[in-house]
Amino acid sequence: MRLNKLAVALSFIGLSAAAQSQTKWDMPTAYPANNFHTENVQQFAADVDKATGGKLKITVHANASLFKAPEIKRAVQGGQAQIGEILLANFENENPLYGVDGIPFLATSYEESMKLYKASKKAQNDLLGKQGMMMLYAVAWPPQGIYSKKPIESAADMRGLKWRAYSPSTSKIAELVGAQPVTVQASELSQALATGVVESFMTSGSTGYDSKVYEQVKNFYDTQAWLPKNAVVVNKKAFDALDQPTRDALLKAAETAEARGWKVSAEKNEWYLNALKEKGMTIHKPSAKLQADMKQVGQVMQADWLKKAGPEGQAVMDAYRKN
Ligand code: PCA
């Protein structure tokens, strides 16, 4: 009898120890399940699960189903979610350093975008650190071009257009060309187009494809203006609560996800543009005038950014230019 009781007690202890050693995290993201960033995040979560023998389970909540895109950062900061994927450029109003990869024509290829990432990562991670978070990895979106229902030959043709913005800098572009910005997150873009709330915007071939914009919009101007990045950020307290092997496994999976993500982004860029063509869109090389006008917009925004970002911003810019 006594022995039995002991056995039961021991098995309870065993059970609760097992339950305690399994950690469950929620991971909100803002883009659809079939988006390449989301697929990468899913693979990351699967890698972590495998490497930790199921000790750290990350459940991905895609397509802004748990938190809206601009709310994910605060949710991770406050611990409502332990980990999440954010678009860094969404937080430029909080600190200009977050928005450096949203400046048009500063870094326009994957190679330049990687350089800019390396030049800005520490400054951004320090900011996140002050907010109780840490960046695990970041991956660039494909280059941003202009989608428009109406053909566009120069920036003057953009005057008055109902313009979808996803970030402070995409609103600023609208202001500079005289379009009317409305902020619409990717998960609501299809609907905004279908209901006529917007008729033009800048984003990647990826988001155009994901949102089936080809059903409403026939023109894409391949300006290759900038490559904004998604970053996976973790709540520092949640991270610190993990045991060392689990932390190591998480960091290693993050490193792998970063390399995989950049590769897939570049590979799929062409695929997306071809897919848009197949769906009936015209992929235009922008006219020399349009490209020059947009570069000028970029110049204004870069000068503006440097003014706002001060010496820290200048240091990031210098480090980028130096490489
Ligand atoms: N897609 C996201 C951000 C940048 C991109 O290519 C969006 O349009 O919301």
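Every number here is computed from the coordinates shown, using simple stated rules; none is lab data. None of the values given here were measured: they were computed from a predicted structure. We place every Cβ from the backbone using ideal geometry, glycine too, and count neighbours over all the protein chains shown.
Peptides 194-205, 233-244 ranked from most to least packed by the mean count of surrounding Cβ atoms within 10 Å: 194-205, 233-244. For the peptides 139-145, 42-48, the ranking by packing is 139-145, 42-48, with the highest mean count of neighbouring Cβ atoms within 10 Å listed first. The reciprocal of the average 1/r between distinct C-alpha atoms defines the Kirkwood hydrodynamic radius, which for region 203-323 equals 18.1 Å.
Using alpha carbons only, how many angstrom separate the centre of region 126-153 from the centre of region 167-186? Each part reduced to its Cα centre gives a spacing of 14 Å.
Compactness check for region 21-79: Cα Rg over 2.2 N^0.38 Å is 1.14. Taking every full run of DSSP H in the chain, the ones that stretch at least 18 Å from end to end by Cα along their long axis and average 0.0 or higher on the Kyte-Doolittle scale are 2-21. Per-residue ellipticity at 222 nm, computed for the chain from helices alone with -39500 (n - 2.57) per DSSP H run of at least four residues, works out to -16500 deg cm²/dmol.
Taking packing as the residue-averaged number of other Cβ atoms within 10 angstrom, the listed peptides 275-284, 221-230 run from highest to lowest as 221-230, 275-284. Global size of the chain: 22.0, 90 Å for Rg and Dmax (C-alpha atoms, Rg to one decimal, Dmax whole). Relative contact order of the chain, taken over Cα pairs closer than 8 Å and 6 or more residues apart, is 25 percent. The ellipsoid that matches the Cα gyration tensor of region 70-215 has semi-axes, each √(5λ) in whole angstrom, of 28, 18, 14, with the longest given first. Please compute the Kirkwood hydrodynamic radius of region 164-263 from all pairs of different C-alpha atoms, in Å with one decimal. In region 164-263 this quantity evaluates to 16.3 Å.
Looking only at the chain, where both bridge partners belong to it, what percent of the DSSP beta bridges are antiparallel (to the nearest 5)? Percent antiparallel among DSSP bridges in the chain is about 55.
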